Amino acid sequence: MITVFGTGTGAPVPADVLAGARLVVGGRRHLASAAVPGDAEQVVLGPLAPALDVIERHLDKQDRVVVLASGDPGFFGIVRVLAERFGAERLDVRAGVSSVAGAFARAGLPWEDAVVVSAHGRDLRTAVNVCRARPKVAVLTGPGAGPAEIGAALRADERILVVASALGSREERVERVTPAEAAARDWGTAVSVVLCLDEARALGAVRTVAGDASGPDRWALDEGEFTHRDSMITKFEVRALALARLGPRLGDLVWDVGAGSGSVAVECARFGAAVVAVEKTRDGVERIRANAAAHGADVRAVHGSAPTVLSDLDDPDAVFVGGGGRDLPAIVTACARRARRTVVVAMAALDRVPAVREALTGAGFTCDGVLLHSSRLAPLPGEVSRLAATNPVFLLWGVRIPVPEEGVAQ
């Protein structure tokens, strides 16, 4: 049996947990603060594989093994690895208070509606995009993914960071800083967790289901649910297929280029993606912000002309291009060079289709598309209906072709 003890926010390890242990595994600070039996072997956690091998040798001899961990070891912790290697039935897990729960307690906030994302040993951009898209996020940090790096990435976002360090110890610090202030500091190695908050929405609504909110109950919203100018809005039939090809999700960054009313941007944000809407007209930018606010969506509206303004933005996972005029091929080329997964382009002009297709394939994408031509029900006198045709729209989409890894057989 392996006893996995979570020390919580500074909780001492009881003597009975360690009594009779032949092997004690943990971080250096855990071992230093625990009354480890003098005849027990100690393994300082670093690379997991060697430690797991030592654990297996002791289990083969029916020895008692204790693993010390921070907080709740079943929450982004070592329980997963131990269960995968030795089986859940061989674990006796005694959870402490997680750093996430401790940090929210120190901040005086409920956290059933918080999103928790780990940046420890993972790509920081996912955590950053979740912070952009959600009002209450806890980020588990790691080397190269601490408060300074998070703050630098969120300089343009209206967020407050709560940095909790050495929770439960005499050196505990809980500090509220702006992203810019966080980026300018050296935080050392004692950071436990970073909370990223939109303070205006930090309390949130009363929830029945904890965690991230489910996706929208409907999408491809009617044009009448957005403020727009002279019907300059992506029609809902086009938007429905565009959303299916974009696949916006929590952790993604999506660009809506030539956003107009921002209808595509708003819908992507409702699916959980972080979204930047690029629009060259100032009144268009204001419409995008108004539509985002009306739907409770986090959308960052950027005023400027593509492709020039795109150089200031982080690389996207997916891009929707809904405007561009004569510059459309150049805009699509710039987007395709940066997009990690998908570019979707809507066009009314037949003449631009070949150039856009060439821009996508030239950037290493497969390319497919359809001509969408729908007819909607419209009333006629006498309580009957007719079909009213909408303007046809070409929708092209490119999907990046994966680059095979070296040494992988094809």
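The values are calculated or read from the model by the stated rules, or taken from the named source; none is laboratory data. A quick note: this is a predicted structure, and the numbers were derived from the prediction, not measured. Cβ atoms come from the backbone with ideal geometry, glycine included; neighbour counts cover every protein chain shown. Accessible surface areas use protein heavy atoms only, side chains included; no ligands, DNA or RNA. Shrake-Rupley method; radii C 1.70, N 1.55, O 1.52, S 1.80 Å.
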Prolate/oblate/rounded label for the range 93-214 (Cα gyration tensor, a/c 1.5): rounded
Cα gyration tensor category, rounded, prolate or oblate, for the range 167-218 with a/c compared to 1.5: prolate
Roughly how much of R249 is accessible, in Å² to the nearest 10, using a 1.4 Å probe? 130
At a 4.7 angstrom Cβ threshold, list every cysteine in the chain that has nobody to pair with, or say none. C268, C335, C367
Please compute the contact order of the chain in relative form: average sequence separation of alpha-carbon pairs under 8 Å and at least six residues apart, divided by the residue count, as a percent. 10
Could you give the length gained on full extension between D327 and Q62, defined as 0.36 nm per residue of separation minus the Cα-Cα distance, in nm? 88.3 nm
Rounded, prolate or oblate: which fits the chain, taking a ≥ b ≥ c as square roots of the Cα gyration tensor eigenvalues, rounded meaning a/c under 1.5, else prolate when a/b beats b/c? prolate
Just to be sure I understand the model, the point goes 7 Å from the Cα along the line to the Cβ. What's the resulting R289 to A244 distance in nm? 3.6
Can you give me the % of accessible surface on the range 80-235 that is carbon or sulfur? Probe 1.4 Å, all protein chains present, nothing else counted. 50
Area of F236 that stays accessible when all protein chains are in place (1.4 Å probe, Å², to 10): 60
Quick one: dipole size for the chain, taken about the Cα centre, charges +1 on Lys/Arg Cβ and -1 on Asp/Glu Cβ, in debye to the nearest 20. 280
List, in order, the whole-Hz ³J(HN,Hα) value for each residue of the range 208-218 obtained from phi through the Karplus relation with A = 6.51, B = -1.76, C = 1.60 and θ = phi - 60°; use x for Gly and Pro. 9, 10, 7, x, 5, 5, 5, x, x, 6, 7
What nm value, rounded to one decimal, do you get for the distance between E112 and A35 when each label is placed 7 Å out toward the C-beta? 3.9
Where H303, H30, H120 fall by accessible area, highest first, once all protein chains stay in place (1.4 Å): H120, H303, H30
